[in-house]
Amino acid sequence: MISRPDCLARDAADTLAPLREQFDLPAGVIYLDGNSLGARPKAALTRAADVIAREWGKDLITSWNSAGWFEMPKRLGNQLAPLLGARDGEVVVTDTTSINLFKALAAALHDQAGAAPGRKLIITERSNFPTDIYMAQGLTNWLERGYEVRLVDSPEQLAGAVNADTAVVMLTHVNYRTGYQHDMAAMSALAHQHGALIVWDLAHSAGAVPLDLHGDGADYAVGCTYKYLNGGPGAPAFIWVPQRRQEKFRHPLSGWWGHANPFAMAPDFAPTSGIGRALCGTQPITSLAMVECGLDVFAQTDMAAIRAKSLALTDLFIDLVEQRCANHPLGLVTPREHARRGSQVSFTHPHGYAVMQALIARGVIGDYREPEIMRFGFTPLYTSFADVWDAVEILKQILDDKAYDISAARGAVT
Ligand SMILES: *Cc1c(COP(=O)(O)O)cnc(C)c1O
């Protein structure tokens with residue numbers, strides 16, 4: 001049996017533990033929802049005040065140049081690139097994940113339309129995050145060229161589903177609900193073997209697991225900065241276009257920020273060279289600036305250290321729940337195999353929603369996703385081993401005492 005002192009000893013030996021100081025978390029809260037909205041870096045408050053009071057308030061429009069506003073999507077992209085296994089000049093932080101996915105998919109279909117016009121299938125998983133499926137459906141319906149979005153029911157079915165009709169395989173690397181992590185190299189190879197391109201969504205991977213987009217054969221990728229990267233609510237997302245694909249890269253959202261010479265104010269669109277052509281229009285500068293505060297924390301460590309602690313935290317949580325809550329109807333949804341696991345753990349419970357509400361009321365913040373799934377995200381930058389022990393202790397008390405209200409009303413966001 002693992003004890004609380006064991007967990008405290010692990011915290012004392014944890015080289016990432018001091019980074020928690022850089023986050024502002026309310027006292028008495030165990031925050032296990034960084035997979036949905038990362039916690040706030042303390043630096044974000046002073047940075048926001050500076051952007052608003054000085055850059056905007058005093059320097060006004062000159063800040064586009066003097067404060068580097070115009071270059072910010074590229075500068076932050078370069079700062080993020082090492083976490084993705086990407087290179088300088090291949091990533092921009094911009095727009096939303098949904099919008100960037102639309103651009104990447106449109107570009108991939110455009111690539112294929114030249115080389116292999118008969119390919120009409122986009123293959124993804126039914127369990128993918130809905131917006132990814134909706135964006136693919138929206139794009140293909142709009143194009144009206146016979147494209148079809150085909151959904152498969154499990155990762156195992158992908159091998160049988162990808163074929164010579166497939167234009168694009170579009171996968172989310174770590175599943176938002178189950179925490180299942182795809183083998184990026186194997187899935188990219190599968191797509192390429194059939195002549196398809198592969199677009200990866202890294203929403204639950206960036207800042208959570210080590211990534212090697214080049215080494216693993218990805219063609220395009222997008223992802224989110226407000227989850228594990230701690231960029232703040234609704235912070236701009238990112239898109240990766242590898243250098244070898246940039247010259248051909250075309251997408252329909254050809255706004256002026258992607259123009260070769262935006263201030264020439266020319267009536268015709270001509271894409272700029274490089275990753276800048278993935279941009280569309282004016283970016284939310286205050287929000288972009290917050291992304292840097294999150295990335296600055298990552299610059300003080302590396303993804304190998306983060307991954308080692310993430311696996312230790314999720315292993316500990318699984319072990320403790322299974323040891324201490326064994327008499328309750330909890331079902332582990334997340335893979336036990338390390339290589340197949342992201343940085344979250346999901347358990348089903350017949351009253352999952354009510355149990356999660358009771359946990360939140362006692363300061364253990366996770367969230368709930370249909371059907372019956374309680375999600376717990378583990379962010380090594382600010383979660384301790386003692387937090388894990390305490391969260392399981394509270395879960396055990398709630399379950400033992402049946403201290404949850406199964407008629408609890410649901411908020412708009414679960
Ligand atoms: C969180 C998440 C999104 C969010 O998309 P938005 O455009 O930011 O709303 C998209 N896809 C996946 C897989 C996600 O996990």
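The values are calculated or read from the model by the stated rules, or taken from the named source; none is laboratory data. Because the structure is predicted, anything quoted here is derived from the model rather than measured. Please note: Cβ atoms are built from the backbone with ideal geometry, for glycine as well, and neighbour counts cover all protein chains shown.
Numbers at a glance
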quantity: Set Trp257, Trp200: member being within 12 Å of the ligand (Cβ to nearest atom) and outside any loop (DSSP other than H, G, I, E, B); calculated: Trp200
quantity: Matching residues in the range 205-230 - criterion: being touching a Cys at 6+ places or on another chain (Cβ under 8 Å) and closer than 21 Å to Glu125 by Cβ; calculated: Ala206
quantity: Any pair with Cβ under 7 angstrom, 6 or more apart, that starts in the range 304-320 at a residue that is assigned to a helix (DSSP H, G or I) and ends at one that is among the polar types (S, T, N, Q); calculated: Ala305/Thr15; Ser310/Ser343; Leu313/Thr383; Thr314/Ser343
quantity: Hits in the range 339-352 (condition: surrounded by 22 or more Cβ atoms within 10 Å (Cβ to Cβ), touching a residue at least 24 places away in the same chain (Cβ under 8 Å) and not polar (S, T, N, Q)); calculated: Arg341, Gly342, Val345, Phe347
quantity: Selected residue (criterion: farthest from the ligand (Cβ to nearest atom)) from residues of the range 65-94 that are acidic (Asp, Glu) and surrounded by fewer than 18 Cβ atoms within 10 Å (Cβ to Cβ); calculated: Asp88
quantity: Residue match in the range 268-284 (condition: touching a residue at least 12 places away in the same chain (Cβ under 8 Å) and more than 20 Å from Gly68 (Cα to Cα)); calculated: yes
quantity: Pairs where the first residue, in the range 61-76, is touching a residue at least 24 places away in the same chain (Cβ under 8 Å) and the second is polar (S, T, N, Q) and assigned to a loop (DSSP other than H, G, I, E, B), C-beta under 6 Å, 6+ apart; calculated: Pro73/Thr94; Pro73/Gln283
quantity: Test result for Thr97, of a type outside the set (A, V, I, L, M, F, W, C) and buried (at least 19 other Cβ atoms within 10 Å of the Cβ); calculated: yes
quantity: Output for the range 163-181, where each listed residue is assigned to a loop (DSSP other than H, G, I, E, B) and either of a type in the set (Asp, Glu) or touching a strand residue (DSSP E or B) at 6+ places or on another chain (Cβ under 6 Å) (or both); calculated: Asp165, His173, Arg177, Thr178, Gly179
quantity: Test: residue in the range 339-349 that is in a helix (DSSP H, G or I) and either within 26 Å of the chain's Cα centre (by Cα) or closer than 15 Å to Phe317 by Cβ (or both); calculated: yes
quantity: Residue selected from the range 203-228 under the condition among the aromatic types (Phe, Trp, Tyr) and more than 9 Å from the ligand (Cβ to nearest atom), by the criterion surrounded by the most Cβ atoms within 10 Å (Cβ to Cβ); calculated: Tyr228
quantity: Candidates Val392, Val297, filtered to the one that is within 22 Å of His204 (Cβ to Cβ), in contact with a helix residue (DSSP H, G or I) (Cβ under 6 Å, 6 or more places away or on another chain) and in contact (Cβ under 8 Å) with a residue 40 or more places away in the chain; calculated: Val297
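Per-residue answers, yes or no, for (1) at pLDDT below 95; (2) surrounded by 12 or more Cβ atoms within 10 Å (Cβ to Cβ); (3) in a helix (DSSP H, G or I):
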position: Pro5; (1), (2), (3): no, no, yes
position: Leu37; (1), (2), (3): no, yes, no
position: Ile52; (1), (2), (3): no, yes, yes
position: Ser63; (1), (2), (3): no, yes, yes
